[in-house]
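Scroll down for the structure; my scribbles are underneath it.
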Amino acid sequence: MLSDTTIFALETEINRIYAEVETELFSVIAKELAKGANASLSPVSWRVEKLRQMGRLEGKLTETLRQSSRHIQGDLEDSIIKAMLGAGKEDDAILKTVTAIKSEIKAGTFVEVAKSEAYEKLTKAAIANARTALNLTNTRALQSANEVWTRAVNSAYIKSLTGSTSLDQAVKQSIREMAKQGSYVTYVSSSGRVTTTSLEVAVRRDVVTSVSQAAAELTIERCGENGTDLVEVTSHEGSRPEHAVWQGKVYSLTGATNGYELLAIATGYGEVDGLCGVNCRHSFYPYFQGLSKEGDPPPSKKDNNRTYELTQKQRYIERNIRAAKREVAVCTAGNDPQGALAAEGRVASYQAKMRDFIETSGLTRQYPREQIYS
């Protein structure tokens, strides 16, 4: 069972890592844009020169990503191993107790998760999937950074054409706009559907979903090894309303146990929007009929929906704090102290909003989710 706390911690780590990567990429772009902006070049000559520099810029961006990937991959793989081992140990606590109780199971037959073949196999699969996701995201991040560069160059050029805005000021304005907007990556599904999402959301979705599904498969294999067809789904306040209806209940994995709904049908397990799907923080653990004690009942619909709305608002303020901190760093890199000062004001403003929100909501402030640097 992958606990809600473990999933949250993994999401937080990915947010921090890729907020840092995005800030570093944009800082490189801002430095290059600012070069020559106060020289005696016409807007046309400046634009031509900047577009010519794209090849050199791409080399710098690639090197920035390469340097970042060295520690990103190691950090994420460590987090995945800890998450998978933690998930297995949660199941172990149940399996070990039941093994000791059930008279038909001989003492000493229990195998700890760290020594099981399923743990090794599925952890390797989760890490491989994460590597694939990171490589693909890095490729898309580089493409996105190149597009950001072109847009910023063209935006500064257009602003300076009228003569009412100097080239230097136009570049600063473009850098500020770039820093506010952030970078986005585009996905095209097998059906041809095009979706656009932020860099950190893309990685978080791919990696966390992969780990969640690997941990779920580990639980299923461990259930098979220990002779149970039943699992209990976790529950937590703030669940998505459509997930709240099936959380905290016991289900059958195969349909072999009378009186219990089939897990896949009841919860959508295996589907992108179901249990252990995209952005789902539920999991499940072994349940032994007559021996296991069911967990605490899930929160009421009213309490769950209230917490869900509050946590969504907290995530919104956190994103704005990170975005404003990115603006500070990027404006500083682009030699725009006024822009950096204005962004610092927005950081302080959103932090004040967060303090007020925490005081009125009763939620816990999650400082790591407001960071862009480790």
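Among the residues of the stretch 38-57, those that are farther than 15 Å from ARG151 by Cα and within 34 Å of the chain's Cα centre (by Cα) comprise GLY55, ARG56. When THR186, THR165, THR219 are checked against the criterion of being in contact with a Ser or Thr (Cβ under 9 Å, 6 or more places away or on another chain) and not in a helix (DSSP H, G or I), a single residue qualifies: THR186.
Scanning the stretch 328-339 for residues that are surrounded by fewer than 17 Cβ atoms within 10 Å (Cβ to Cβ) and under 30 Å from GLY36 (Cβ atoms) turns up at least one hit.
A quick yes/no check of all residues on (1) within 24 Å of LYS96 (Cα to Cα); (2) of a type outside the set (Phe, Trp, Tyr):
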site	(1), (2)
ILE265	no, yes
ASP273	no, yes
GLY277	no, yes
HIS282	yes, yes
TYR285	yes, no
SER300	no, yes
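Applying the selection to the stretch 144-157, what residues are out of contact with any Lys or Arg (no Cβ under 6 Å at 6 or more places or on another chain) and surrounded by 14 or more Cβ atoms within 10 Å (Cβ to Cβ)? Within the stretch 144-157, SER144, ALA145, ASN146, VAL148, TRP149, ARG151, ALA152, ASN154, SER155, ALA156 meet the criteria.
When you scan the stretch 197-207, do you find a residue that is among the small types (Gly, Ala, Ser), within 30 Å of ALA34 (Cα to Cα), free of Cβ contacts under 8 Å to residues at least 40 places away in the same chain and buried (at least 18 other Cβ atoms within 10 Å of the Cβ), even just one? So far as the stretch 197-207 goes, yes, one or more of its residues are among the small types (Gly, Ala, Ser), within 30 Å of ALA34 (Cα to Cα), free of Cβ contacts under 8 Å to residues at least 40 places away in the same chain and buried (at least 18 other Cβ atoms within 10 Å of the Cβ). Do the conditions hold for ARG205, that is, is it of a type outside the set (Val, Ile, Thr), touching a Pro at 6+ places or on another chain (Cβ under 9 Å), within 25 Å of ALA130 (Cα to Cα) and assigned to a helix (DSSP H, G or I)? For ARG205, the condition - of a type outside the set (Val, Ile, Thr), touching a Pro at 6+ places or on another chain (Cβ under 9 Å), within 25 Å of ALA130 (Cα to Cα) and assigned to a helix (DSSP H, G or I) - is not met. Taking helices (runs of 4 or more DSSP H) as the structural unit, those lying wholly within the stretch 1-116 and holding at least 1 residues that are modelled with pLDDT under 80 and loosely packed, with under 14 Cβ neighbours inside 10 Å correspond to 54-101.
Scanning the stretch 333-364 for residues that are touching a helix residue (DSSP H, G or I) at 6+ places or on another chain (Cβ under 7 Å) and touching a residue at least 40 places away in the same chain (Cβ under 8 Å) turns up ALA333, GLY334, ASN335, ASP336, GLY339, ALA343, MET354, PHE357, SER361, LEU363. Across the stretch 168-183, the number of residues qualifying as in contact with a Ser or Thr (Cβ under 7 Å, 6 or more places away or on another chain), assigned to a helix (DSSP H, G or I) and small (Gly, Ala, Ser) comes to 2.
The values are calculated or read from the model by the stated rules, or taken from the named source; none is laboratory data. For clarity, every value in this text was computed on a predicted model and none was experimentally measured. Counting neighbours? That spans all protein chains shown, and the Cβs are built from the backbone with ideal geometry, glycine included.
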